[in-house]
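Asker: For reference, the structure I am asking about is given below.
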Amino acid sequence: MEIISVKDVTKYINDGDTLLIGGFLGVGSPDAIINEIIDSGKKDFTVVGNDTSFETNGIGRFVKENKVKKIIASHIGTNPETQKQMIEESIEVELIPQGTLAEQIRAGGVGLGGILTPTGLGTVVEKNKTIVEVDGKKYLLEKPIRGNVAVIKAKKADKAGNLIYSFTARNFNPIMAMAADIVIAEVEEIIETGKINPDEIHTPGIFVDYIVLGGDEK
Amino acid sequence: MNSKELIARRVAKELKNGSLVNLGIGLPTMVANYIPEDINVMFHSENGIIGMGPTPEEGMENKDLTNAGNGFITYVPGAVSFDSAMSFAIIRGGHLDITVLGGLQVDENGQLANWMVPGKKIPGMGGAMDLVTGAKKVIVAMTHLAGESSKIVKKCTLPLTSLRKVDLIVTDMAVIEPTEEGLLLVERAPGVKVSDILKATEAELIVPDYVPEMIV
């Protein structure tokens, strides 16, 4: 675990990477890192996140500034730019039920070969997927999702990388922290190791590779 | 009383003491305003909280405390926050008592379409498919008509949200319960005649001899 400057994050990110990005409509989104990646000129990312936020913040900026070739998300309704680019076919969008997306990313991080869920059975989500019957009940087989890099946001970290999140800014962040080759966490505060009660830690520091001290901007 | 308030007031009567409830964005959110005083419920929001409270006063917002529609919220004593996998474990795992969702169409099988209009509006399903699949009780709160056309149809023409039969449909004209036999007309809105409802409904309705007026 290493504490790095936001200016250094793009050393760990390459064109065409799959990025897991935390946040729910921009809440709990690592905005300082996102802005740095966008300004670096790197591109052609596959971005995995709950939603594409709004045009001006969070994942929304990736779409607006044409840094994305594919989006995997549960909701794009708050970002007209995503819908426009999807209809023009300049980006590919894969829509996934929110609970399924969470479990696919979790599966990617915890060594599971996929998950079986009833959500999406009999709907367009079922298309091209395997149906598995267990004890007489049908489920969709949904495969794990992993990223090259996870870019997440937490409230605070200690110098061992242990993370604590805040209220609904937690959302996808702890799940994504488990599911990428490199995990970069933006935090609002870094404190000495040993100053957080182990019972209060949400993400064990062993999952985190780099910590960036960002602002507390929304 | 406008039609949205009427729907929200009627849905609020379905909430039981001690229920865990998830309200969808838009009209369903209004239900929180009309809960009877003697009923205590906890609100779940899929972005990761149980115990959602009302909108904070201006200047008291916490940037990390929001609902699934990106509005600022407060929390009540006993509240708990969690990640998205836990949030949907609660929903999909059958631990959520009631979900109230908006609808684009509900059909004679009681199946709901509420997440996209192909070629026109593709917002994504968000949490809707998990909510309809996993909640113990699914209530659809919507206007009876979209312009001139009925939203209660023989067969959904829009993409389904789930195969699951919803439990209750509350509109500004009627309360309808999907049953094994078909759609049962349970109540009519104040001042609305059964014949008005039949005229505004594309689907076949089962009409009992007596259809009481909604009490709101």
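Asker: Grab every C-alpha pair in segment A:73-218, bin the distances at 5 angstrom width from 0 up to the longest one, and report whole percents.
Answerer: 2, 9, 15, 16, 16, 15, 11, 9, 5, 2, 0
Asker: Charges at C-beta only: +1 for Lys and Arg, -1 for Asp and Glu. How large is the resulting dipole of the protein assembly as shown about its Cα centre, in Debye rounded to 20? Numbers along the way, then the final one.
Answerer: On the way: 43 positive and 58 negative charges, 134 e Å.
The calculation lands at about 640 debye.
Asker: While we're here: Can you tell me the alpha carbon radius of gyration of segment A:33-93 divided by the globular rule-of-thumb value 2.2 N^0.38 Å? List each step's numbers first, then the result.
Answerer: Working: Rg = 10.2 Å, N = 61, 2.2 N^0.38 = 10.5 Å.
After normalising by residue count via 2.2 N^0.38 Å, the value is 0.97.
Asker: Please turn the phi angles of segment B:197-213 into ³J(HN,Hα) values with the Karplus equation 6.51 cos²θ - 1.76 cosθ + 1.60 (θ = phi - 60°), one per residue in order, whole Hz, x for glycine and proline.
Answerer: Values, residue by residue: 5, 4, 5, 8, 10, 6, 5, 6, 10, 8, 10, x, 4, 10, 10, x, 7 Hz.
Asker: How large is ³J(HN,Hα) for each residue in segment A:98-108, as worked out from phi by the Karplus curve 6.51 cos²θ - 1.76 cosθ + 1.60 (θ = phi - 60°), to whole Hz, x for Gly and Pro?
Answerer: 4, x, 5, 4, 4, 6, 5, 5, 4, 4, x
Asker: Residues of segment B:64-91 with amide nitrogen under 16 Å from the 7 Å Cα-to-Cβ point of B:Glu57?
Answerer: B:73-75
Asker: On to the next question. Over segment A:1-142, consider all pairs of different Cα atoms and compute the Kirkwood hydrodynamic radius from their mean reciprocal separation; express it in Å, one decimal. Don't jump to the answer; show the numbers that get you there.
Answerer: Values: mean 1/r = 0.0615 Å⁻¹.
Every distinct Cα pair counted, the radius reaches 16.3 Å.
Asker: When only alpha-carbon atoms are used, what values of Rg and Dmax, in angstrom, describe segment B:1-121?
Answerer: When restricted to the Cα atoms of segment B:1-121, Rg and Dmax are 15.2, 48 Å.
Asker: Moving to a separate point now. Ratio of Rg to Rh for segment B:18-58, alpha carbon only, Kirkwood? Write down the numbers at each step before the final one.
Answerer: Working: Rg = 10.5 Å, Rh = 11.1 Å.
That ratio is 0.95, to two decimals.
Asker: Against the longest principal axis of chain B, how steep is helix B:3-12, in degrees 0 to 90 to the nearest 10, with axes from Cα atoms?
Answerer: Rounded to the nearest ten degrees, it is 70.
Asker: Work out the mean other chain Cβ neighbour count within 10 Å for the residues of A:96-108 and drop it here as an integer. Display every interim value, and only then the final one.
Answerer: On the way: counts 3, 15, 15, 17, 5, 5, 11, 6, 0, 2, 3, 1, 0.
The per-residue average across the peptide is 6.
Asker: Next up: Could you pull out the pairs from A:Lys69/A:Lys127; B:Lys16/B:Lys199; A:Lys42/A:Lys127; A:Lys42/A:Lys64 whose alpha carbons sit more than 24 Å apart here? Before the final figure, lay out the partial values.
Answerer: Details: A:Lys69/A:Lys127 22 Å; B:Lys16/B:Lys199 33 Å; A:Lys42/A:Lys127 33 Å; A:Lys42/A:Lys64 14 Å.
Result: B:Lys16/B:Lys199; A:Lys42/A:Lys127 exceed 24 Å.
Asker: What whole-number value in cubic angstrom gives the convex hull volume per residue for the C-alpha atoms of segment B:3-206? List each step's numbers first, then the result.
Answerer: Numbers: hull volume 27.5 nm³, N = 204.
Dividing the Cα hull volume of segment B:3-206 by its residue count gives 135 Å³.
Asker: On a 0 to 90 degree scale, rounded to 10, what angle separates helix A:31-40 from the longest Cα axis of chain A?
Answerer: Helix A:31-40 sits roughly 80 degrees off the main axis of chain A.
Asker: For segment A:129-171, what is the relative contact order in percent, using Cα pairs closer than 8 Å and at least 6 residues apart in sequence?
Answerer: Details: 32 pairs, mean separation 10.0, N = 43.
It rounds to 23 percent for segment A:129-171.
Asker: Straight-line reach from A:Lys195: which lysines fall under 27 Å, measuring Cα to Cα and dropping same-chain residues less than 8 apart?
Answerer: A:Lys153, A:Lys155, A:Lys156, A:Lys159, A:Lys218, B:Lys63
Asker: Take B:Thr74, B:Thr55 and order them by how many other Cβ atoms sit within 10 Å, fewest up front.
Answerer: Values: B:Thr74 16, B:Thr55 12.
So the ranking, lowest neighbour count to highest, is B:Thr55, B:Thr74.
Asker: With the contact rule set at Cα under 8 Å and sequence spacing of 6 or more, what percent relative contact order holds for segment A:46-193? Mind dumping the intermediate values first?
Answerer: Values: 274 pairs, mean separation 27.1, N = 148.
This gives 18 percent for segment A:46-193.
Asker: I'd like the FRET efficiency for B:Thr74 and B:Glu204, computed as 1/(1 + (r/R0)^6) with the beta carbon distance as r and R0 of 56 Å, rounded to 0.05.
Answerer: 0.80
Asker: For A:Asn128 and B:Asn2, what is the calculated FRET efficiency with R₀ set at 56 Å and r taken between the beta-carbons, to the nearest 0.05? Let's see the in-between values first.
Answerer: Numbers: r = 44 Å, r/R0 = 0.79.
For R0 = 56 Å, the calculated efficiency reads 0.80.
Asker: Can you pull a Stokes-Einstein diffusion coefficient for segment B:104-216 at 37 °C (0.692 mPa s), Rh from Kirkwood over Cα pairs, as a whole number of µm²/s? All intermediate terms of the calculation are to be shown ahead of the outcome.
Answerer: On the way: Rh = 14.3 Å.
Translational diffusion coefficient: 229 µm²/s.
Asker: Kindly provide log₁₀ I(q)/I(0) values, in the same order as q = 0.15, 0.16, 0.18 Å⁻¹, from the Debye equation applied to equal alpha-carbon scatterers of segment B:138-189.
Answerer: Result of the Debye calculation: -0.41, -0.47, -0.60.
Asker: How crowded by other chains is A:143-153, given as the mean number of beta carbons from other chains within 10 Å of each beta carbon? Walk me through the numbers on the way to the answer.
Answerer: Working: counts 0, 0, 0, 0, 0, 0, 0, 0, 0, 0, 1.
Mean shielding count: 0.
Asker: Based on C-alpha coordinates, I'd like the Rg and Dmax of the protein assembly as shown, in Å.
Answerer: My reading of the Cα-based Rg and Dmax gives 22.5, 74 Å.
Asker: Another one. With an 8 Å cut-off on Cα pairs and a minimum separation of 6 or more residues, tell me the relative contact order of chain B in percent.
Answerer: Values: 470 pairs, mean separation 39.4, N = 216.
Reported relative contact order: 18 percent.
Asker: Follow-up question, since we're still on this one. Collect residues whose amide H, placed 1.01 Å from N in the peptide plane, falls under 5 Å from the amide H of B:Leu104; neighbours closer than 5 in sequence don't count.
Answerer: Placed amide hydrogens put B:Ala113, B:Asn114 under 5 Å from B:Leu104.
Asker: Okay, next question. Got a sec to turn the phi values of segment B:92-105 into Karplus ³J(HN,Hα) couplings, 6.51 cos²θ - 1.76 cosθ + 1.60 with θ = phi - 60°, whole Hz, x for Gly and Pro?
Answerer: Residue by residue, segment B:92-105 yields 6, x, x, 9, 9, 6, 9, 10, 10, 10, x, x, 9, 8 Hz.
Asker: Further, regarding this structure: Within a 10 angstrom radius of the beta carbon, how do A:Tyr210, B:Tyr210 rank from fewest other beta carbons to most?
Answerer: B:Tyr210, A:Tyr210
Since every read-out is calculated from the coordinates, none of them should be taken as a lab result. Note that this is a predicted model, so its numbers are computed, not measured. Positions of Cβ are generated from backbone atoms using ideal geometry, with glycine treated the same way; all protein chains shown enter the neighbour counts.
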